[in-house]
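Notes for the one structure printed next.
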2 protein chains.
Amino acid sequence: MTITLDQINGAGEADLVTLLDGIYEHSAWIVRHAAGKRPFASLTALKHGLTEIVNQAAEHAQLELIRAYPEIACEIMHCNSLMAKSAYAQDKLGLIDFTSEELEELERLNLAYKAKFGFPFILAVRGPRGTGLGKAEIISTLARRLNNPVDFERREALRNIHRIAELRLNDKFDAQPVLGNQLWDWCEELAVHSEPGYLERGELTVTYLTEAHQACAQHIARLMRDECGFDDVSIDAVGNVVGVYHGMDKNAKRLLTGSHYDTVRNGGKYDGRLGIFAPMLCVKELADQAKRLSFGIEVVAFSEEEGQRYKAVFLGSGALTGQFNPDWLDQIDANGISMRQAMQNAGLSIDDIASIKRDPNNYLGFVEVHIEQGPVLNELDLPLGVVTSINGGVRLLCEVRGMASHAGTTPMGMRRDAAVAVAELALYLEKRAASVPDLVGTIGMLEVPSGSINVVPGRCRFSLDIRATTDQVRDACVADVKAELASICQRRGVQFELEEIMRVAAAPSAPEWQSRWERAVKEVGLPVFRMPSGAGHDAMKLHDIMPQAMLFVRGLNSGISHNPLEMTTNDDAHLCVQAFMHVLGQIK
Amino acid sequence: MTITLDQINGAGEADLVTLLDGIYEHSAWIVRHAAGKRPFASLTALKHGLTEIVNQAAEHAQLELIRAYPEIACEIMHCNSLMAKSAYAQDKLGLIDFTSEELEELERLNLAYKAKFGFPFILAVRGPRGTGLGKAEIISTLARRLNNPVDFERREALRNIHRIAELRLNDKFDAQPVLGNQLWDWCEELAVHSEPGYLERGELTVTYLTEAHQACAQHIARLMRDECGFDDVSIDAVGNVVGVYHGMDKNAKRLLTGSHYDTVRNGGKYDGRLGIFAPMLCVKELADQAKRLSFGIEVVAFSEEEGQRYKAVFLGSGALTGQFNPDWLDQIDANGISMRQAMQNAGLSIDDIASIKRDPNNYLGFVEVHIEQGPVLNELDLPLGVVTSINGGVRLLCEVRGMASHAGTTPMGMRRDAAVAVAELALYLEKRAASVPDLVGTIGMLEVPSGSINVVPGRCRFSLDIRATTDQVRDACVADVKAELASICQRRGVQFELEEIMRVAAAPSAPEWQSRWERAVKEVGLPVFRMPSGAGHDAMKLHDIMPQAMLFVRGLNSGISHNPLEMTTNDDAHLCVQAFMHVLGQIK
């Protein structure tokens, strides 16, 4: 029986409990609490409201909720149990074909899981597409989550419970995320193109101008042309796929949007591609309704952002801002093939690269949707986040040199231990960075070269990566870290060297475009959450010539990226397309 | 004109200044201060007294003293200067054959040195043997010391000034360290035996039962027999060279002593060998005077202590305590040669190994002289130190596992940074170890495996090495460090693993034997300084079956060991032989 938002908003408390029975397992308290939060403006708002109630509950209530869910192995083995007839068991359709060996493995992991965490392993087995995970995926997820810290895993269990609730609500409301399903499927379909050596292992690797890369370009161009109804689709001289959907006036200014279709080696399916397909779906929606806006939409699938095959990065978006450096053509890949040669092999016209440069007068601005590539939205159970700035970063390589000496014979007071000096700096950096919102500082590389167990470290090499929403905040931190290092080394009688190897300016979002994303997020029924982008994106390049602003989509699995575990849900994908449509609707 | 101790002790203050003129450059204040410290019991006591006066002076006085010494390059180039006629210039005999290129290099380094430290480069160019360093050695020492921290180098300059003073005093008193010269020369002569591949580069490598190793055994046996007058010299079944000098009664109990003659790869010339030659010189002194004691002296040059060719360590001394494990015979070296084969090739009789085991009833105890292999005596300007205990050590290999994540997109509050957790432990360990005398704790190996500049460390591997004079003190520290690691990891939501890979019990010195060393040190005119041995020594093995105590001899160059820079002076070597003679004299 399908229910409606009006029913939810209008029901008495007892009726509400009945209406939402089974959304969260054995937990009428959540529904009763939700009664007081009505009216909900949308199904999305209802989902978010329920999520908040659970997340703000006391830890014991959360644990009780988690324990109300049956164990997966138990559930599968005793499918004639009471719970097997519940809505929850419906989520597990297809699970009964486990072999007895697989069930044994599942049971073994389950026991270990329960022993470690004290609650059963909860998994939304209908998964991110809502259609059911494979057996192997269920077992590997359990094995992986077994390694999580306890407090983290409690929240991961709740996240799965929220996802189960979302899928149940979609069913109850008969509200399937159609656009999100399409986007998710397109990402899946595009991922069939991968390079030899990776493809066989089911890994995704699409680096610049390889066969897989060219196949992706053709694939995207075909979708733009045949599925979405773009007016004009072409592949430019650096391999960008450009789709134009004219405004009512063909010569009207255009909104520029897009992201990249290349990937890192063994990367994820959403990094970049989400930002190509989201506006393509918007154009498809418009074209399907034969609707024209007062402005054109130009979607660019950038050919290169990751810098994997050649050293040049942001090559695709850089070509639009006139930053393609002809010297790059002589860069050589790992097989000795120059970029020039690769372009010629791909049939690209090198002479036309300069003409790719866009005149900003023809554009309203640039917007980009991207998977977050970080844990923030996932941790907050928020599908969307509005980017305030693409952080500016500074990277340094450093070495502290003390005096190597015998670990047994050198008294503590006579040491010049290079590693302990770096340890002191690491703790300072952690504290300094944490003291300012949206500032991050990392020692990612750390090594005592040729260290021996019985030798006081004479050298310690490390890296520094410091990023902030503004260059001022970042530079103040870099200066403080340098001063602290000097002071530590002075006090400890050791020496240091620093080499700055990268410096990228911050790209703050254009206020009017950021506001459009904020209004769009509100429109879909979510609270506005503002956050910086810690990673670089194509929008950073376009920032040089026009106003830009980005929208982030939650990444599952702690927002892991550049990894096959990178994941979004059909529902989140749907929300980002909806938000994009709202932005289009706001432009006058 | 030779002067005597009586003159020093009897002179008026003005005369004393004249008598000791030029011992320290332009620094009559030192002598005037010394006047109040008289009488000095020996030349060694006088040297030590002057050293203390300088070391306790204010920093500005020390710097003034350092600046009173001319620059080496300047001195060499302007050998017709006033200073060239000074006693100081005498120390530089042989320096005038520098080529102009060498002088240029020296001048360049000198300028850099002065710019960094603010004082001239001071070097006792007559060196540790008192006979003059080579040109290459002078230049390389200058280049090396240029890397020292400023405060360290000020003390290194003073140490060289003390050595210059010592050499000048030896000349003034016509008191050459004859036994020390002999010991030093023996170490030099034994070092002609080195393994192919090292010998050509002037490096010393003598690992178990190689040709160089067997040549060393023959060399030592010959010295014992032909130079020292031992009654009985033999090479035993594991390659130990055993020299016996009988007491008045051939069957009298013996004092057991000695150290090892094998070396690490590219090692030093004094590690082990000093402890063989010192008692050999004592026997030589006795034999030269046809003097017999009430007890015998058995000097063992142990064939193996360093564990370089085979995994077995303390093989030589272990054979005396019955700890030779027959399984070791099957150990294989890097070239696939088993220990059994190596022994057979060397003509050793494996069947006789068990019979090497000593009956403690036949021995008074075991004493061992060894170069310190640490910086303590060098830093204190003390030639000798009495060992209180050979430290007991525990070694652990550890790993902290957090969650790798993007350095740009993971807020500080959401990180599970494995490296920062280890950094916290490193600072705790440093503080904890420093809070107890003679306790040391070291993280010698430290690594973020496959760390990337833009990834928050998900793993950090490190080692722990904790040593103390007693097992109780050590174990208390190990327990505290483990508890702190657990607490840090709990708080940070990361996990850790520890694996103990080594545990060696402490070997405290036998009080009566330690007292004998203490009295001996006093007898030669030095203050008694007690210290633990941070490194392991053959005495650790003998500790299992008889009372033992060790004497340490200062190592130059911060006590560096297992390195060609390992160094002792002829004067320090002389004092250790003298002290050994005093110990012999104390035994009833």
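With the label 7 angstrom out along Cα to Cβ, how close does A:Leu565 come to the same site in each of the other copies, in nm, nearest first?
4.5
Out of all DSSP beta bridges in chain B, what portion is antiparallel? Express it as a percent rounded to 5.
So the antiparallel bridges amount to about 65 percent of the total.
For B:Asp21, place a label point 7 Å from Cα along the Cα-to-Cβ direction in every copy; what are the distances to the other copies, in nm, shortest first?
In nanometres, ordered from closest: 11.5.
What is the dipole size for the protein assembly as shown, taken about its Cα centre, with +1 at each Lys and Arg Cβ and -1 at each Asp and Glu Cβ, in debye to the nearest 20?
Computed about the Cα centre, the dipole is about 2140 debye.
Kindly work out what percent of the DSSP beta bridges joining two residues of the protein assembly as shown are antiparallel, to the nearest 5.
Percentage antiparallel, nearest 5: 65.
If you take the charge dipole of chain B about its Cα centre, with +1 on Lys and Arg Cβ and -1 on Asp and Glu Cβ, which of B:Ala221, B:Leu43, B:Ala506 is farthest toward its positive end?
B:Ala506
Work out the charge dipole of chain B with +1 on the Cβ of Lys and Arg and -1 on the Cβ of Asp and Glu about the Cα centre, then indicate which of B:Gly318, B:Asn362, B:Pro437 is farthest towards its positive end.
B:Pro437
Counting only residues 5 or more places away or on other chains, whose amide H sits under 5 Å from the amide H of B:Asp232 once H atoms are built in the peptide plane?
Result for B:Asp232 returns B:Val244.
Suppose every Lys and Arg Cβ carries +1 and every Asp and Glu Cβ carries -1, with no other charges. What dipole size does region B:397-500 come out with about its Cα centre, to the nearest 20 debye?
460 debye
Rounded to whole Hz and in sequence order, give me ³J(HN,Hα) for region A:314-327 from the Karplus expression 6.51 cos²θ - 1.76 cosθ + 1.60, θ = phi - 60°, writing x for Gly and Pro.
For region A:314-327, the Karplus-derived couplings read 6, 5, x, 6, x, 5, 6, 9, x, 9, 6, 8, x, 4 Hz, x marking Gly and Pro.
Compute the relative contact order of chain B as a whole-number percentage, counting only Cα pairs closer than 8 Å that sit 6 or more residues apart in sequence.
It comes to 16 percent, rounded to a whole number.
Which cross-chain or sequence-distant (5 or more) residues have an amide H under 5 Å from the amide H of A:Arg254, H modelled 1.01 Å from N in plane?
A:Gly296, A:Tyr363, A:Leu364
At 0.692 mPa s and 37 °C, plugging the Kirkwood radius over alpha-carbon pairs of region B:397-500 into Stokes-Einstein gives what diffusion coefficient in µm²/s?
D = 232 µm²/s.
Step through the residues of region B:265-282 one at a time and calculate ³J(HN,Hα) from phi using the Karplus curve (6.51 cos²θ - 1.76 cosθ + 1.60, θ = phi - 60°), rounding each to whole Hz and writing x for Gly and Pro.
Computed from phi, the couplings for region B:265-282 are 6, 6, x, x, 8, 10, 4, x, 5, 3, x, 8, 6, 4, x, 4, 5, 5 Hz.
As an exercise, find the ratio Rg/Rh for chain B from alpha-carbon atoms, using the Kirkwood inverse-distance average for Rh.
1.00
Which Cα, out of A:Ile371, A:Pro411, A:Thr388, lies furthest along the positive dipole direction of region A:333-430 (beta carbon charges, K/R +1, D/E -1)?
Among A:Ile371, A:Pro411, A:Thr388, the one farthest towards the positive end of the dipole of region A:333-430 is A:Pro411.
Under a 5 Å amide H to amide H cut-off, with H placed in plane at 1.01 Å, what residues pair with B:Phe314 once short-range neighbours are removed?
HN-HN under 5 Å from B:Phe314: B:Glu305, B:Glu306, B:Gly307.
Taking the axis about which chain B rotates onto chain A, which residue of B lies nearest it as judged by Cβ position, and how many whole Å separate them?
Its Cβ sits closest to the axis: B:Ala423, 2.
Per residue of chain B, what 222 nm ellipticity follows from adding -39500 (n - 2.57) for every DSSP H run with n ≥ 4, rounded to the nearest 500?
Helix contribution divided over all residues of chain B: -12500 deg cm²/dmol.
Rounded, prolate or oblate for region A:525-588? Axes are the square roots of the Cα gyration tensor eigenvalues, ordered a ≥ b ≥ c, and the cut-off for rounded is a/c under 1.5.
Oblate, because a/c is 1.5 or more while a/b does not exceed b/c.
Once you charge only the Cβ atoms, +1 for Lys and Arg and -1 for Asp and Glu, what is the size of the charge dipole of region A:5-175 about its Cα centre, to the nearest 20 debye?
360 debye
Test of understanding: ordering A:Lys172, B:Lys588 by Cβ neighbours within 10 Å, fewest first, what list do you get?
Ascending number of Cβ neighbours within 10 Å: B:Lys588, A:Lys172.
In whole Hz, what ³J(HN,Hα) sequence does region A:344-357 give by Karplus (6.51, -1.76, 1.60; θ = phi - 60°), x for Gly and Pro?
Along region A:344-357, the couplings run 5, 4, 8, x, 7, 9, 4, 4, 8, 4, 4, 6, 5, 3 Hz.
Can you list, shortest first in nanometers, how far B:Asp231 lies from the same residue in the other copies, with each label 7 Å from Cα toward Cβ?
11.6
Bear in mind that the values in this text are calculations on the coordinates, not laboratory data. If you're wondering where the values come from, they're calculated on a predicted model, not measured in any experiment. No Cβ is skipped: glycine too gets one built from the backbone with ideal geometry, and neighbour counts run over all protein chains shown.
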